[in-house]
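Here is the structure we will look at.
The values are calculated or read from the model by the stated rules, or taken from the named source; none is laboratory data. Treat the numbers as computed from the prediction; the structure is a model and nothing was measured. Every residue, glycine as well, gets a Cβ built from its backbone with ideal geometry; the counts of neighbours run over all protein chains shown.
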Amino acid sequence: MKTKSIIIALAVLPLLMAFTAAKIFPSFTCTNLKDKQVTLPTDMASKRMVVALMLSTKADKHLQKWSQPLYNALMADGMGGMMGGNMYNANLCFVGAVKGLAKLALPEMIKRAKQEVDAKYHANFMYTDTDVNALMKSLSITDKDVPHFIVVETDGTILYQTSGEYTQDKLDDITGALLN
């Protein structure tokens, strides 16, 4: 009898694990380079979203290697023919979290970003002064010195999350999550 119960429990366990609660992207307010307030993820819920999150200046330096590949994959107009347009149909949000003394430099950082980023993408670049520690905890982030990339479904469910230096494999995983 015990053996039968153990076998049934082992058979049911994978099914129960499949029904674990999905992780939800935390709601927080940002300001984009158009000086408009945006609440993520709700204001971007019209389509899936990729959030590129920087929690430090070190992370921002790493993100620079990601910027062009992310742009090419998610914002550029494809290559014509069957690949015309953007097949992922996703929002891309570059979000910098500002805390502590960095807030003092924020006006200068915004001014520089407005000059460096093409104006047609100002809505995609934003900053937030939300509690960085709470944000890290809610996203299970332990390293603030690397950029983090989160693929979010329209209902706020996190589909995929990765971090670190750019690799083509990581970018493929991000775009793959958008297609599933």
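Here are some notes:
- Tyr127 vs. criteria among the aromatic types (Phe, Trp, Tyr), out of contact with any strand residue (DSSP E or B) (no Cβ under 7 Å at 6 or more places or on another chain) and either on the phi < 0 side of the Ramachandran plot or outside any loop (DSSP other than H, G, I, E, B) (or both): no
- Yes/no for Lys170 being basic (Lys, Arg) and in a helix (DSSP H, G or I): yes
- Any chance Met136 is outside any loop (DSSP other than H, G, I, E, B), in contact with a Gly (Cβ under 8 Å, 6 or more places away or on another chain), over 19 Å from Thr167 (Cβ atoms) and of a type in the set (A, V, I, L, M): no
- Gln37 vs. criteria closer than 22 Å to Lys170 by Cα and without any contact (Cβ under 8 Å) to a residue 24 or more places away in the chain: no
- The listed residue being assigned to a loop (DSSP other than H, G, I, E, B), within 13 Å of the chain's Cα centre (by Cα) and in contact (Cβ under 8 Å) with a residue 40 or more places away in the chain, out of Ile141, Ile158: Ile141
- For the range 76-98, filtering for residues that are modelled with pLDDT of 80 or more and over 17 Å from Arg48 (Cβ atoms) leaves 2.
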